[in-house]
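Everything on this sheet refers to the single structure shown next.
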Amino acid sequence: MELSQFLAKLLGIYMLTIATLFALRRDTISDAIKEFLQSRALMFLSGLIALLVGIAIVISHNVWELNWRGLVTFFGYASIAKGVTRIAFPEVPRKAVALLEGPRLWIWFAIVAAIGGYLTWAGFTQVH
């Protein structure tokens, strides 16, 4: 299996799962996110993990195309940015999540589900 397809499947299924779990367990997940954001240690650890995952994607898959392959690479760079932000500026994610409360959070998870569906479809249907 080609690396692009593997990463599209991995990211797509991950995003679909997160969006589905949010839809099914909104209150539980919202509470967990709030608790998570208050923990400096968890923010730091998640930043390290996001940074590591982002670097791994960028090193192995630095493909810039205007299609699903480019989207995979974009998520690698976004993960690096997320990791650095969580480590160096943990207040930024706290403020960002505060902006997404209420109906805006549903819109965000709908976008996550749509992108996840697209990447999953691309990963399973593209033949190279």
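The values are calculated or read from the model by the stated rules, or taken from the named source; none is laboratory data. Remember, it's a predicted structure, so these values are computed and weren't measured experimentally. Here the Cβ is made from the backbone with ideal geometry for all residues, glycine too, and neighbour counts use every protein chain on show. Quick note on the areas: whole protein, heavy atoms, side chains included, nothing else; ligands and nucleic acids left out. Shrake-Rupley method; radii C 1.70, N 1.55, O 1.52, S 1.80 Å.
Multiplying the sequence separation of Ser60 and Ala98 by 0.36 nm and subtracting their Cα-Cα distance, what value in nm do you get? Don't skip to the answer; put the middle values down first.
Working: separation 38, 0.36 × 38 = 13.68 nm, distance 3.39 nm.
Extra length from Ser60 to Ala98 when fully extended: 10.3 nm.
Rounded to the nearest 20 Debye, what is the dipole magnitude of the stretch 59-105 about its Cα centre when Lys and Arg each give +1 and Asp and Glu each give -1 at the C-beta?
Values: 6 positive and 3 negative charges, 21 e Å.
I would put it at about 100 debye.
Taking N as the number of residues in the stretch 5-55, what is its Cα Rg relative to 2.2 N^0.38 Å?
That ratio works out to 1.35.
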For this session: Whole number in Å², please: accessible area per residue of the stretch 52-109, 1.4 Å probe, ligands, DNA and RNA not counted.
Result: 62 Å²
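Kindly identify the chain as rounded, prolate or oblate by the Cα gyration tensor criterion: order the square roots of the eigenvalues as a ≥ b ≥ c, call it rounded if a/c is under 1.5, otherwise compare a/b with b/c, prolate if a/b is larger, else oblate. Could the numbers behind the result be given before it?
On the way: a/c = 2.32, a/b = 1.38, b/c = 1.69.
It comes out oblate by the Cα gyration axes.
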For this session: Could you go through the stretch 108-123 in sequence order and give the Karplus-derived ³J(HN,Hα) for each residue, using 6.51 cos²θ - 1.76 cosθ + 1.60 with θ = phi - 60°, rounded to whole Hz, and x for Gly and Pro?
Result: 4, 5, 5, 5, 4, 5, 5, 5, x, x, 4, 5, 4, 4, 4, x
For this session: Please give the solvent-accessible surface of Arg86 in Å², to the nearest 10, using a probe radius of 1.4 Å with every protein chain present.
Result: 50 Å²
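Mean separation of Cα pairs under 8 Å and 6+ residues apart, divided by the residue count of the chain: what relative contact order is that in percent? Numbers along the way, then the final one.
Working: 127 pairs, mean separation 59.4, N = 128.
Taking the mean separation of contacting Cα pairs over the length of the chain, I get 46 percent.
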Exercise. So what J values fall out for the stretch 40-57 if you push phi through Karplus, 6.51 cos²θ - 1.76 cosθ + 1.60 with θ = phi - 60°, rounded to Hz, Gly and Pro as x?
Worked result: 5, 5, 5, 4, 5, 4, 5, x, 4, 5, 4, 4, 4, 4, x, 4, 4, 5
Exercise. Among Leu105, Ala23, Gln126, which residue has its Cα positioned farthest towards the positive end of the charge dipole of the chain, with +1 placed on the Cβ of Lys and Arg, -1 on the Cβ of Asp and Glu, and the dipole taken about the Cα centre?
Worked result: Leu105
Exercise. How about the stretch 84-128: which chymotrypsin sites (Phe, Trp or Tyr not before Pro) there are in a DSSP loop, with at most 14 other Cβ atoms within 10 Å of their Cβ?
Worked result: none
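Counting Lys +1, Arg +1, Asp -1, Glu -1, what net charge surrounds Ala50 among other residues with beta carbon under 14 Å of its beta carbon? All intermediate terms of the calculation are to be shown ahead of the outcome.
On the way: positive: Lys82, Arg86; negative: none.
Around Ala50, the charge tally is +2.
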Seminar exercise, completed: With only helices counted (DSSP H, runs n ≥ 4, each -39500 (n - 2.57)), the per-residue ellipticity at 222 nm for the chain, to the nearest 500, works out to -29000 deg cm²/dmol
Exercise. How far apart, in nm, are two points set 7 Å out from the Cα along the Cα-to-Cβ line at Val84 and at Ser30?
Worked result: 3.3 nm
For this session: Enumerate the amide H contacts of Val63 below 5 Å, restricted to partners 5 or more residues apart or on another chain; note that Pro and chain-start residues carry no placed amide H.
Result: Thr73
For this session: May I ask you to give the percent of accessible area on the chain that is carbon plus sulfur, with a probe radius of 1.4 Å?
Result: 72 percent
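Dipole size in debye (nearest 20) for the chain around its Cα centre, Lys and Arg Cβ +1, Asp and Glu Cβ -1?
Values: 11 positive and 7 negative charges, 38 e Å.
The calculated dipole for the chain is roughly 180 debye.
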